[in-house]
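Asks: Dropping a structure here in structure tokens format, bear with me for questions.
The values are calculated or read from the model by the stated rules, or taken from the named source; none is laboratory data. From a predicted model like this one, the values you see are computed outputs, not experimental measurements. In this analysis, Cβ positions are derived from the backbone assuming ideal geometry, glycine residues included, and neighbour counts consider all displayed protein chains.
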Amino acid sequence: MKIDRIEVRFVEAELDRPFGWSQRWTNSRSVVVMKVFTDDGVIGWGETYGSQDTVAGIASIASMAIGEDPANISQIWHRIHRATYQGHGYAGLPAMAVSAIDTALHDIVGKNTGKPVAEVMGGRLHDSIAVYATGLYYVDNYSLEPHLKEAAGYVKQGFTGMKMKVGALSLKEDAERIRATRDVIGSDVRLMFDANESYDAATALTFADMVADQDITWFEEPCASRDFIANKLVQEKSPIPVSGGESLSTRWEFAPRLADRTFDIIQPDICGVGGPSEIHRVGLMAQAFGIKFNPHFWGTGISFAAALHALALQPIGQIGQTNIPYQNESVLEFDQTPHPVRENLTEPFFTHENSRVDVPTRPGLGIEIDESVLERFTIGDMAVVDTPSGSQVFF
Ligand SMILES: [Mg+2]
């Protein structure tokens with residue numbers, strides 16, 4: 001079996017109601033979707049981040065896999081990494097391209113062998129994955145009332161944890177929002193907050209002290225993810241555990257953070273770290289360093305399925321006989337914010353029960369794609385490659 005065609009498209013849908021976080025407001029949700037064809041007719045799906053302007057670059061990089069046997073997942077991964085790294089191309093687009101194609105290759109091999117991706121990767125340790133609700137963005141001009149209603153809704157739905165945004169308002173205002181949220185959800189539900197890299201170290205520490213009595217499970221991205229010194233300072237002095245790493249790519253970007261214990265919890269994203277292969281490697285590294293591994297997620301059912309499969313292989317953090325979410329078992333981010341593409345693209349549409357989602361059991365990723373949804377939301381031209389691009393030989 002050989003890979004003979006790759007299509008990459010930018011998909012975006014408008015939102016009825018904009019929402020915001022510390023960096024900006026948005027009125028749309030988008031994703032880059034990759035479809036990989038083989039000469040046997042088996043098709044694999046992958047996903048990453050990007051824009052209308054980047055699909056051609058992603059397709060061009062992925063074209064290094066044209067003509068290859070899709071079962072050679074590791075060989076293709078490292079070939080793309082090597083070619084782009086030495087040419088100073090990594091991370092950026094190559095990390096996105098390799099994340100998407102790695103997902104699609106697992107889907108193809110699974111479909112071709114009749115095995116779910118977790119079994120392609122070595123076999124599952126878990127049949128379901130612990131999740132927490134991500135939402136609680138700023139809405140309606142920073143109004144608190146809809147925020148509290150949303151938080152109460154997650155408790156009602158059975159979520160055992162949720163994450164809210166901070167960093168767009170004054171420390172005092174955001175601290176009040178955290179206290180009000182804690183009051184609404186009660187003491188039995190986990191609460192995390194995410195500054196999306198908006199504080200300097202001193203401000204982050206001041207804020208952490210202000211809300212330390214609210215039983216916060218983690219303080220996410222207090223400072224810029226690539227600012228080692230600031231994050232390390234916060235991690236050393238914060239009364240709340242510090243998390244980060246959603247924008248970092250590959251084991252090499254995580255290695256120094258793990259060795260230095262920059263974060264108490266790392267949060268690689270399967271769409272940017274390098275796909276299921278690499279998130280699994282980084283997860284094992286985190287376990288070995290005794291650092292928690294709670295992956296980031298912000299995509300559609302394609303990458304959510306891939307993340308469920310990869311997390312099915314994640315051993316509990318320390319040696320023990322029981323798995324306890326947040327304590328020794330990884331928890332996966334479960335985006336609950338509006339996303340018209342995610343809400344319509346895949347079957348199944350993933351749902352949780354008591355804050356857990358079942359790992360798919362059908363071959364491949366275990367999802368069906370409604371291609372009419374892709375057609376409806378595709379912006380601009382699809383990038384199509386069917387021969388390896390010579391421009392990818394950087395060295
Ligand atoms: Mg985040």
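Asks: Can you confirm whether L345 is assigned by TED's automatic domain parsing to the domain that holds Y154, touching a helix residue (DSSP H, G or I) at 6+ places or on another chain (Cβ under 6 Å) and farther than 27 Å from C223 by Cβ?
Replies: Working: assigned by TED's automatic domain parsing to the domain that holds Y154: yes; touching a helix residue (DSSP H, G or I) at 6+ places or on another chain (Cβ under 6 Å): yes; farther than 27 Å from C223 by Cβ: yes.
Yes.
Asks: Let me ask something additional. Could you list, ordered by first residue, the pairs with Cβ atoms under 7 Å in which the first is in the range 283-302 and assigned by TED's automatic domain parsing to the domain that holds T26 and the second is within 15 Å of the ligand (Cβ to nearest atom) and assigned to a helix (DSSP H, G or I), at least 6 apart or interchain?
Replies: Pairs found: none.
Asks: Would you mention how many residues in the range 162-189 are within 16 Å of the ligand (Cβ to nearest atom), of a type outside the set (A, V, I, L, M) and closer than 10 Å to V211 by Cβ?
Replies: Residues in the range 162-189 being within 16 Å of the ligand (Cβ to nearest atom), of a type outside the set (A, V, I, L, M) and closer than 10 Å to V211 by Cβ: 1 in total.
Asks: Checking T250 against (1) away from the ligand (no atom under 16 Å from the Cβ); (2) more than 25 Å from V131 (Cα to Cα): exactly one of these is not met. Which one?
Replies: (2)
Asks: Among the residues of the range 83-103, are any of a type outside the set (G, A, S) and in a strand (DSSP E or B)?
Replies: Of the residues in the range 83-103, the ones of a type outside the set (G, A, S) are 84-86, 88, 90, 93-94, 96, 98, 101-103.
Now narrow it down to the ones that are in a strand (DSSP E or B): none.
Checked against the condition, which is being of a type outside the set (G, A, S) and in a strand (DSSP E or B), the range 83-103 yields no hits at all.
Asks: Does R257 count as modelled with pLDDT of 95 or more and buried (at least 21 other Cβ atoms within 10 Å of the Cβ)? Even if it seems obvious, please write down each step before you answer.
Replies: On the way: modelled with pLDDT of 95 or more: yes; buried (at least 21 other Cβ atoms within 10 Å of the Cβ): yes.
Yes: the conditions hold for R257.
Asks: Okay, next question. Which numbered condition in (1) within 17 Å of L148 (Cβ to Cβ); (2) in a helix (DSSP H, G or I); (3) touching a helix residue (DSSP H, G or I) at 6+ places or on another chain (Cβ under 8 Å) is the only one that A208 fails?
Replies: Here A208 clears every test but (1).
Asks: Okay, next question. Restrict the check to the range 265-281 and report whether at least one residue is more than 16 Å from the ligand (Cβ to nearest atom) and among the hydrophobic types (A, V, I, L, M, F, W, C).
Replies: Our first condition is that a residue be more than 16 Å from the ligand (Cβ to nearest atom); within the range 265-281, this holds for 274-278, 280-281.
In the following step, the residues that additionally are among the hydrophobic types (A, V, I, L, M, F, W, C) were identified as none.
No; the residues of the range 265-281 include none that is more than 16 Å from the ligand (Cβ to nearest atom) and among the hydrophobic types (A, V, I, L, M, F, W, C).
Asks: Just for the range 310-357: of the residues that are of a type in the set (S, T, N, Q) and in contact (Cβ under 8 Å) with a residue 60 or more places away in the chain, which one is farthest from F297 (Cα to Cα)?
Replies: Just the residues of the range 310-357 that are of a type in the set (S, T, N, Q), to begin with: 314, 318, 321-323, 327-328, 330, 336-337, 344, 346, 351, 354-355.
Adding the requirement that they be in contact (Cβ under 8 Å) with a residue 60 or more places away in the chain leaves 314, 323, 330, 336-337, 354-355.
Numbers: Q314: 16, N323: 22, S330: 13, Q336: 11, T337: 12, N354: 19, S355: 15 Å.
Ranking the candidates gives N323 first.
Asks: Does any residue of the range 190-206 turn out to be touching a residue at least 60 places away in the same chain (Cβ under 8 Å), of a type in the set (K, R), crowded, with 17+ Cβ neighbours inside 10 Å and within 16 Å of the ligand (Cβ to nearest atom)? Show your work before the answer.
Replies: Step one: of the range 190-206, the residues touching a residue at least 60 places away in the same chain (Cβ under 8 Å) are 190, 192, 194-198.
Checking which are of a type in the set (K, R) leaves us with 190.
Those left that are additionally crowded, with 17+ Cβ neighbours inside 10 Å: 190.
Still in the list and also within 16 Å of the ligand (Cβ to nearest atom): 190.
Scanning the range 190-206 turns up at least one residue that is touching a residue at least 60 places away in the same chain (Cβ under 8 Å), of a type in the set (K, R), crowded, with 17+ Cβ neighbours inside 10 Å and within 16 Å of the ligand (Cβ to nearest atom).
Asks: Taking the range 294-310 as the region of interest, how many residues are more than 14 Å from the ligand (Cβ to nearest atom) and within 12 Å of the chain's Cα centre (by Cα)? Even if it seems obvious, please write down each step before you answer.
Replies: Initial filter on the range 294-310 (more than 14 Å from the ligand (Cβ to nearest atom)): 300-310.
Remaining after also requiring within 12 Å of the chain's Cα centre (by Cα): 300-308, 310.
Residues flagged as more than 14 Å from the ligand (Cβ to nearest atom) and within 12 Å of the chain's Cα centre (by Cα) within the range 294-310 amount to 10.
Asks: Can you tell me which of (1) at pLDDT below 95; (2) more than 20 Å from V11 (Cα to Cα); (3) not polar (S, T, N, Q) is the one G110 doesn't meet?
Replies: Against the list (1) at pLDDT below 95; (2) more than 20 Å from V11 (Cα to Cα); (3) not polar (S, T, N, Q), G110 comes up short only on (1).
Asks: Restrict the check to the range 19-26 and report whether at least one residue is assigned to a helix (DSSP H, G or I) and either farther than 23 Å from T361 by Cα or in the same structural domain as N344 (by TED's automatic domain parsing) (or both). Lay out the reasoning, then the answer.
Replies: Initial filter on the range 19-26 (assigned to a helix (DSSP H, G or I)): none.
Checked against the condition, which is being assigned to a helix (DSSP H, G or I) and either farther than 23 Å from T361 by Cα or in the same structural domain as N344 (by TED's automatic domain parsing) (or both), the range 19-26 yields no hits at all.
Asks: So which residues in the range 231-275 are assigned to a loop (DSSP other than H, G, I, E, B), among the aliphatic types (A, V, I, L, M) and within 27 Å of A305 (Cα to Cα)?
Replies: Pass one, the range 231-275, residues assigned to a loop (DSSP other than H, G, I, E, B): 238-241, 245-249, 261-264, 267-268, 274.
Still in the list and also among the aliphatic types (A, V, I, L, M): 240, 248.
Correct list: L248 only.
Asks: In addition: (1) modelled with pLDDT under 95; (2) more than 26 Å from L332 (Cβ to Cβ); (3) within 21 Å of the chain's Cα centre (by Cα): which one isn't true of R82, the others all being true?
Replies: (3)
Asks: For the range 207-258, name all the residues that are among the basic types (K, R) and within 30 Å of I80 (Cβ to Cβ).
Replies: Here is the first cut: in the range 207-258, the residues among the basic types (K, R) are 226, 232, 237, 251, 257.
Scanning the range 207-258 gives R226, R251, R257.
Asks: Quick one: which residue in Y142, Y138, Y154 is hydroxyl-bearing (S, T, Y), crowded, with 19+ Cβ neighbours inside 10 Å, more than 16 Å from the ligand (Cβ to nearest atom) and assigned by TED's automatic domain parsing to the domain that holds P315?
Replies: Values: Y142 fails: crowded, with 19+ Cβ neighbours inside 10 Å; Y138 fails: more than 16 Å from the ligand (Cβ to nearest atom).
Answer to the selection: Y154.
Asks: Among the residues that make up the range 219-230, is at least one of them part of a helix (DSSP H, G or I), crowded, with 17+ Cβ neighbours inside 10 Å and under 25 Å from the mean Cα position of the chain (by Cα)?
Replies: Filtering the range 219-230 for residues part of a helix (DSSP H, G or I) gives 228-230.
Going one step further and asking which of them are crowded, with 17+ Cβ neighbours inside 10 Å, we end up with 230.
After this cut, where a residue has to be under 25 Å from the mean Cα position of the chain (by Cα) as well, the list is 230.
Scanning the range 219-230, I find at least one residue that is part of a helix (DSSP H, G or I), crowded, with 17+ Cβ neighbours inside 10 Å and under 25 Å from the mean Cα position of the chain (by Cα), so the answer is yes.
Asks: Okay, next question. Give Q214, Q235 a once-over and let me know the one that is of a type outside the set (S, T, Y) and either under 23 Å from the mean Cα position of the chain (by Cα) or within 16 Å of the ligand (Cβ to nearest atom) (or both). Give the derivation first.
Replies: On the way: Q214 fails: either under 23 Å from the mean Cα position of the chain (by Cα) or within 16 Å of the ligand (Cβ to nearest atom) (or both).
Result: Q235 is the single residue among Q214, Q235 that is of a type outside the set (S, T, Y) and either under 23 Å from the mean Cα position of the chain (by Cα) or within 16 Å of the ligand (Cβ to nearest atom) (or both).
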